[in-house]
Amino acid sequence: MASDERDFRTLQFKSPESPDRKWLEWFRDEYSRQLYKIDIDPKPDSPFRLDVATRLLPDVAISQSVRSPMRTSHRGGDDDDVSMQLLLSGHVSIQAGGEDHEITPGMGGIGRHGTPATIDIPADARLLSIRLRRKLIEPLVGNLSELRGFAVLRDTQALRLLLAYVRMLDVEDAIETPEARYLVTTHIHDLVALAYGATRDASAEIAERGKRAARLAAVKADILDNLASPRLSVTRLAARHGVTPRYVHMLFELEGVTYSEYVLGHRLLRAHRILSDPRFVELPLNSVALQVGFGDLSYFNRTFRRRFGATPSQIRRDSRAV
């Protein structure tokens with residue numbers, strides 16, 4: 001997890017609809033054992049399914065997966081990273097450090113990534129997995145060295161905030177600047193530390209960072225809800241959230257992007273999605289521009305081409321050819 005090239009783009013792995021025996025043998029040997037040091041034993045009486053979306057940053061990895069009934073055995077090793085699992089649906093049994101744990105939706109757990117563990121999934125389940133740097137989280141929690149196996153995390157506000165934050169990040173295609181990647185990494189380590197048990201000093205520091213993160217998340221959600229409005233402005237946003245326009249600008253600058261760049265980027269992304277969707281093939285281009293908040297068609301065409309390397313008409317034409 002050390003490469004600066006990891007910019008949060010989604011890496012997708014999905015098993016075939018009906019995997020045959022040969023594919024399963026390849027998967028278990030090459031993909032799971034060699035690549036991830038995991039032994040996977042599918043339940044013989046259930047169709048095999050594994051759908052994993054992974055997003056990487058230099059110091060954090062987030063995976064959301066849908067899994068059919070299976071047992072996974074993690075061999076362990078010298079890896080000193082920390083791994084957190086949060087169950088979104090289903091039921092999971094985890095054996096680690098000589099202890100058995102039953103996990104239900106809303107619960108999770110944390111352990112050293114190199115600790116041998118077995119995860120038993122008796123029925124279809126959805127999991128959120130987060131891999132973190134020990135050197136970044138240990139100063140926040142203080143007692144991580146005492147963790148020998150797997151610590152269960154109950155359904156707490158911190159876990160719910162963590163899940164909400166990860167879901168908010170789903171709208172981002174990538175995180176392009178080192179500053180923004182650093183902030184996202186910091187927020188995730190903060191929220192995991194709060195769920196596990198941060199020290200008093202760390203809690204105060206996290207709370208201050210968290211206030212800014214929560215305020216920014218609320219402002220971003222407001223922008224996305226009002227993206228098509230010609231009345232969207234930093235002045236009106238600031239008034240709705242009880243802060244100054246300068247504070248709104250500062251929140252975005254701390255992420256390495258300006259307010260205007262954020263709004264423009266998401267308007268263009270929304271336009272691209274509409275133009276790529278066959279359901280809207282008859283919608284005039286000027287209507288597409290208006291629907292995403294552009295009042296000037298020539299400005300829309302110019303900025304769209306600069307962002308995607310193709311005109312809106314070309315994107316629409318390509319979508320028709322698919």
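The values are calculated or read from the model by the stated rules, or taken from the named source; none is laboratory data. Being a predicted model, the structure only gives us computed values, none of them experimental. Because the Cβ atoms are built from the backbone with ideal geometry, glycine has one as well, and the counts that use them run over all protein chains shown. The protein model used for the area step is the full one, side chains on, heavy atoms only, and it has no ligands, DNA or RNA in it. Shrake-Rupley method; radii C 1.70, N 1.55, O 1.52, S 1.80 Å.
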Unmet requirement for residue 252, which otherwise passes all of (1) open to solvent by 60 Å² or more (accessible area, probe 1.4 Å); (2) touching a Ser or Thr at 6+ places or on another chain (Cβ under 9 Å); (3) of a type in the set (Phe, Trp, Tyr): (1)
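Hey, among the residues in the stretch 30-46 that are surrounded by 11 or more Cβ atoms within 10 Å (Cβ to Cβ) and assigned to a helix (DSSP H, G or I), which one's nearest to the chain's Cα centre (by Cα)?
Only one residue tops the list, namely 36.
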Verdict on residue 175 being in a loop (DSSP other than H, G, I, E, B), in contact with a strand residue (DSSP E or B) (Cβ under 8 Å, 6 or more places away or on another chain), farther than 30 Å from residue 42 by Cβ and not polar (S, T, N, Q): yes
Members of the stretch 47-84 found to be among the hydroxyl-bearing types (Ser, Thr, Tyr) and either open to solvent by 40 Å² or more (accessible area, probe 1.4 Å) or in a strand (DSSP E or B) (or both), listed by number: 54, 63, 65, 72, 73, 83
Top-ranked residue in the stretch 94-108 [being over 15 Å from residue 73 (Cα atoms) and aliphatic (A, V, I, L, M); ranked as surrounded by the most Cβ atoms within 10 Å (Cβ to Cβ)]: 103
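One line per residue, one yes/no per condition, for (1) in a helix (DSSP H, G or I); (2) open to solvent by 20 Å² or more (accessible area, probe 1.4 Å); (3) touching a residue at least 24 places away in the same chain (Cβ under 8 Å):
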{"position": "162", "(1), (2), (3)": "yes, no, yes"}
{"position": "184", "(1), (2), (3)": "yes, no, yes"}
{"position": "191", "(1), (2), (3)": "yes, yes, yes"}
{"position": "194", "(1), (2), (3)": "yes, yes, yes"}
{"position": "198", "(1), (2), (3)": "no, yes, yes"}
{"position": "201", "(1), (2), (3)": "yes, yes, no"}
{"position": "208", "(1), (2), (3)": "yes, yes, no"}
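Identify all residues within the stretch 219-249 that are within 22 Å of residue 191 (Cα to Cα) and either open to solvent by less than 40 Å² (accessible area, probe 1.4 Å) or modelled with pLDDT of 95 or more (or both); write none if there are none.
Those that are within 22 Å of residue 191 (Cα to Cα) and either open to solvent by less than 40 Å² (accessible area, probe 1.4 Å) or modelled with pLDDT of 95 or more (or both): 219, 220.
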